[in-house]
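The values are calculated or read from the model by the stated rules, or taken from the named source; none is laboratory data. Please read all numbers here as calculations on a predicted model, not as lab measurements. Glycine gets a Cβ as well: all are built from the backbone with ideal geometry, and neighbour counts include every protein chain shown. Just so you know, the surface numbers come from the protein's heavy atoms only, side chains and all, with ligands and any DNA or RNA stripped out. Shrake-Rupley method; radii C 1.70, N 1.55, O 1.52, S 1.80 Å.
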Amino acid sequence: MEELMKTKLSSSAPSQLDTECLVVVALDRGNKDKPDVSVESNNDAVKKAAAEVIANGEATGKNCEVTLIHHPTGLKASRLLLLGGGKAASFTGFELRRVAGTAVRTLKSRGLRRFAFVVPASGLTG
């Protein structure tokens, strides 16, 4: 029998969540000429774990882009999944739902059933 995904809310710091995968949205706050990708979490450990793939251009924040980091330093989670949300100025609840769907499909295809989704630190537009 296939195990179903379960949803559980937690107010714990993202870096302290013991899960198979921590999912965080990455948004592009730059302009057309110069992207400026940021992780949508106020947790310093999450930002630090994502810093290298952002700095080297592997994670660009493009809409529904997927970047999976195994054994992220400073996090209890086994993996960190960065999901591109596109331009920060146009990131709405609709885009958040699309990104969440992308997370579920991506993780399910890899056989992962337990994950934590970090609610974006900045508010949604529109």
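The residue that is farthest from ALA13 (Cα to Cα), among those in the stretch 79-102 that are open to solvent by 20 Å² or more (accessible area, probe 1.4 Å) and of a type in the set (S, T, N, Q), is SER90.
Within the stretch 103-121, at least one residue is surrounded by 13 or more Cβ atoms within 10 Å (Cβ to Cβ), among the β-branched types (Val, Ile, Thr) and farther than 18 Å from SER12 by Cβ. Summed over the stretch 23-78, residues that are part of a loop (DSSP other than H, G, I, E, B) and open to solvent by less than 60 Å² (accessible area, probe 1.4 Å) total 15.
Results for (1) under 12 Å from the mean Cα position of the chain (by Cα); (2) touching a residue at least 24 places away in the same chain (Cβ under 8 Å), shown as yes or no for each residue.
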{"site": "ASN43", "(1), (2)": "no, yes"}
{"site": "GLU52", "(1), (2)": "no, no"}
{"site": "GLY57", "(1), (2)": "no, no"}
{"site": "GLY61", "(1), (2)": "yes, yes"}
{"site": "HIS71", "(1), (2)": "no, no"}
{"site": "LYS87", "(1), (2)": "no, yes"}
